[in-house]
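K.L.:
My structure is below; once you've seen it, I'll send some questions.
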Amino acid sequence: MLTSHIYSLMRFTPSSKFLGFSNHFHSVIASSFSLTSKFPSSIAATMSTQNDTAALKTHQPLQIAKRLEKFQTTIFTQMSLLAIKHKAINLGQGFPNFDGPEFIKEAAIQSIRDGKNQYARGYGVPDLNIAISERFKKDTGLVVDPEKEVTVTSGCTEAIAATILGLINPGDEVIMFAPFYDSYEATLSMAGAKVKSVTLRPPDFAVPIEELKSIISKNTRAILINTPHNPTGKMFTREELDCIASLCIENDVLVFTDEVYDKLAFDMEHISMASLPGMYERTVTMNSLGKTFSLTGWKIGWAIAPPHLTWGVRQAHAYLTFATSHPFQCAAAVALRASDSYYEELKRDYMAKRAILVEGLKAVGFKVFPSSGTYFVVVDHTPFGLEDDIAFCEYLVKEVGVVAIPTSVFYLNPEEGKNLVRFTFCKDEGTIRSAVDRMKEKLKK
Ligand SMILES: Cc1ncc(COP(=O)(O)O)c(C=O)c1O
């Protein structure tokens, strides 16, 4: 259980920004991370000692392609090792500590029994492509062709990669909103894109339209949006989306929109960029099963786009993974046809968890920023007097026994996130309450 934390955390932004975290931890962790990160956690955990020894013997320098150089070291590995050492409660990672619904798990088991065990069709099992298009119609009113406009991928992460690698040329300019989900920057780097960012600032993380206007131009190839937004919980308003849309149309810019939290929209209606007038033809909508069905380990995702954009996405997908897990795709089709009551209950449950965490964090003494969607809450940690988000999270895990995520890893300029940390409420209520109790007891101003 604890070792799985290491592996899952390792997928977050590795960043050389944090080399100064703590020399001791860095030297211990850099060696075990770099040598074991490609192995599953259980293996990685047992291999680290052998590999550390091997590294000492061979004195080989670590090797990595230039496009990934800056992503070498991960704060998350450091945090998770500390978490294990200090038996901390993990409100850092965005994965539920409860299981997905029985009817979906049964469908997967049945599909395996039915022999759906060989390669699936590259761009998706036909029934899943249909289920995705039906769901999209229900959610947005848009009718898409499941055969020509839907591509099934290995999670949204691969939808992001296939979209970027399939549609962005080296040197193309792409705009993101900071803080941003970690895979965007790394994947854009792999594509050789020129990355620009516009920062969403507390308390409401509103889109600074004038700033966006000043950096968007005819040289911009695409803009990446994420609503509901990780890590802030912000949801893009209709006015903001309208403004972004008209700038994109004016400058002939594509939109890549990550909507994995669309079913965790609590305080306002989720709006898909593709549904705005004139936008479908320039938009790739990316989503996945993980958050909506508490099945983050299944890694079934998809990209919806008009045929002229789907071509690039599918070509990249064809050579990245070719096809994703066959039986889980069959089960995903069943999941997406869940009754409305499933989605209502999911929302109700998460709203209850959000209330427990938000009230708890306020009672502890944090300044808590409103979260309208996702299962994250961002707080200002500065009332507790620590130097920055990294120092705060290190203190929190070591002295209090709770894991949170420092947000500076989600910015091109880490300074911008140094006052903010992210907590998740995708945990059972007992876990959330225990974490709050620990903070109440041990975190003093
Ligand atoms: C904003 C965002 N996009 C994409 C993903 C990855 O989704 P998947 O697990 O389907 O690859 C995550 C997971 O945390 C996320 O927060």
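Since every read-out is calculated from the coordinates, none of them should be taken as a lab result. The structure displayed is predicted, hence computed values, not measured ones. Here the Cβ positions follow ideal geometry from the backbone for every residue, glycine too, while neighbour counts run over all protein chains shown.
K.L.:
Once Lys and Arg get +1 and Asp and Glu get -1 on their Cβ, which of 151, 379, 133 lies farthest toward the positive end of the dipole of the chain?
P.N.:
379
K.L.:
In the structure shown, do any of 138/194; 138/353; 105/442; 105/347 have a Cα-Cα gap over 31 Å, and if so which?
P.N.:
On the way: 138/194 36 Å; 138/353 27 Å; 105/442 40 Å; 105/347 20 Å.
Checking Cα-Cα distances, 138/194; 105/442 exceed 31 Å.
K.L.:
Given the C-alpha centroids of region 225-246 and region 388-425, what is the distance between them in whole angstrom?
P.N.:
Rounded to whole Å, the Cα centres lie 23 Å apart.
K.L.:
OK, next. Charges only on Cβ, +1 for Lys and Arg, -1 for Asp and Glu: so what's the dipole of the chain about the Cα centre, in debye to the nearest 20? Spell out each step's value before the answer.
P.N.:
On the way: 47 positive and 48 negative charges, 233 e Å.
Roughly 1120 debye, rounded to the nearest 20.
K.L.:
If the elastic network links every pair of Cα atoms under 10 Å, which of 389, 340, 182 fluctuates the most in the Gaussian network model of the chain?
P.N.:
340
K.L.:
Once the dipole of region 102-336 is set up with Lys and Arg at +1 and Asp and Glu at -1 on Cβ about the Cα centre, which of 175, 110, 297 lies farthest towards its positive end?
P.N.:
Positive-end residue among those listed: 110.
K.L.:
What area, in nm² and to one decimal, does the C-alpha convex hull of region 63-126 cast on average over all directions?
P.N.:
Working: hull surface 35.2 nm².
Taking the Cα atoms of region 63-126, their convex hull projects to 8.8 nm² on average.
K.L.:
If R0 is 35 Å, what FRET efficiency do you get for residue 204 and residue 434 from their C-beta distance, rounded to 0.05? Intermediate results must be reported in sequence, preceding the final value.
P.N.:
Working: r = 30 Å, r/R0 = 0.87.
Plugging the Cβ-Cβ distance into 1/(1 + (r/R0)^6) gives 0.70.
K.L.:
So if each residue of separation counts as 0.36 nm, and I subtract the Cα-Cα distance between residue 105 and residue 367, what length gain in nm does that give?
P.N.:
Values: separation 262, 0.36 × 262 = 94.32 nm, distance 3.95 nm.
Result: 90.4 nm gained on full extension.
K.L.:
Quick one: of the DSSP bridges fully inside region 102-336, what percent are antiparallel, nearest 5?
P.N.:
Working: 10 of 29 bridges.
Looking only at bridges with both residues in region 102-336, the antiparallel portion is about 35 percent.
K.L.:
Order of 416, 429 from fewest to most other C-beta atoms within 10 Å? Each step should come with its number before you reach the end.
P.N.:
Values: 416 18, 429 13.
The order, fewest Cβ neighbours first, is 429, 416.
K.L.:
Given C-alpha coordinates of region 331-411, what is the ratio Rg to Rh with the Kirkwood estimate of Rh?
P.N.:
We get a ratio of 1.11 for region 331-411.
K.L.:
Assigning unit charges at the beta carbon (Lys, Arg +1; Asp, Glu -1) and nothing else, what dipole magnitude in debye, to the nearest 20, does region 80-133 show about its Cα centre? Working shown, then result.
P.N.:
Numbers: 6 positive and 5 negative charges, 62 e Å.
Dipole size: approximately 300 debye.
K.L.:
How high is the FRET efficiency between residue 246 and residue 59 when r is their beta carbon distance and R₀ equals 51 Å, given to the nearest 0.05? Don't jump to the answer; show the numbers that get you there.
P.N.:
On the way: r = 57 Å, r/R0 = 1.12.
It comes out at approximately 0.35.
K.L.:
Under 20 Å from the Cα of residue 418, which lysines turn up, not counting those fewer than eight places away in the same chain?
P.N.:
Straight-distance partners of residue 418: 17, 70, 196, 234, 362, 367, 398, 444, 445.
K.L.:
Work out how much length residue 196 to residue 68 would gain on full extension: take 0.36 nm times their residue separation and subtract the Cα-Cα distance, in nm to one decimal. Intermediate results must be reported in sequence, preceding the final value.
P.N.:
On the way: separation 128, 0.36 × 128 = 46.08 nm, distance 1.74 nm.
Value of the extension gain: 44.3 nm.
K.L.:
Among DSSP beta bridges whose residues both lie in region 240-324, state the antiparallel percentage, nearest 5. Please list the in-between numbers first.
P.N.:
Details: 4 of 8 bridges.
The antiparallel fraction comes to roughly 50 percent.
K.L.:
When 66, 263, 398 are ordered from fewest to most other Cβ atoms inside 10 Å of their Cβ, what list results?
P.N.:
Details: 66 7, 263 21, 398 13.
Fewest-to-most Cβ neighbours within 10 Å comes out as 66, 398, 263.
K.L.:
What is region 177-228 by shape, rounded, prolate or oblate, if you read a ≥ b ≥ c off the alpha carbon gyration tensor as root eigenvalues and call it rounded for a/c under 1.5, prolate for a/b larger than b/c, and oblate otherwise?
P.N.:
oblate
K.L.:
I would also like to ask the following. Excluding residues on the same chain fewer than 8 positions from residue 87, give the aspartates and glutamates whose Cα lies under 12 Å from its Cα.
P.N.:
Leaving aside aspartates and glutamates fewer than 8 places away in the same chain, those within reach of residue 87 are 399.
K.L.:
Can you return the aspartates and glutamates within cross-link range of residue 263? Criterion is Cα-Cα under 15 Å, with same-chain partners fewer than 8 residues away left out.
P.N.:
Answer for residue 263, where 15 Å is the Cα cut-off: 139, 340, 344, 345, 349, listed by chain and number.
K.L.:
For residue 138 and residue 85, calculate 0.36 nm times their separation in residues minus their Cα-Cα distance, and state this gained length in nm to one decimal. Before the final figure, lay out each step's value.
P.N.:
Details: separation 53, 0.36 × 53 = 19.08 nm, distance 4.68 nm.
Result for the pair: 14.4 nm of gain on full extension.
K.L.:
Most mobile of 189, 272, 217 per a Gaussian network model of the chain (Cα springs, under 10 Å)?
P.N.:
217
K.L.:
Which residue, 158, 281, 344, has the most motion in a Gaussian network model of the chain that connects Cα atoms within less than 10 Å?
P.N.:
Evaluated over the chain, the most mobile residue of the options is 344.
K.L.:
Once label points are set 7 Å from the Cα along Cα→Cβ at both residue 345 and residue 445, what is their separation, rounded to one decimal in nm?
P.N.:
Distance between label points: 4.2 nm.
K.L.:
Describe numerically, in nm with one decimal, the distance between label points set 7 Å from Cα along Cα→Cβ at residue 118 and at residue 380.
P.N.:
Placing both labels 7 Å beyond Cα along the Cβ direction yields 6.1 nm.
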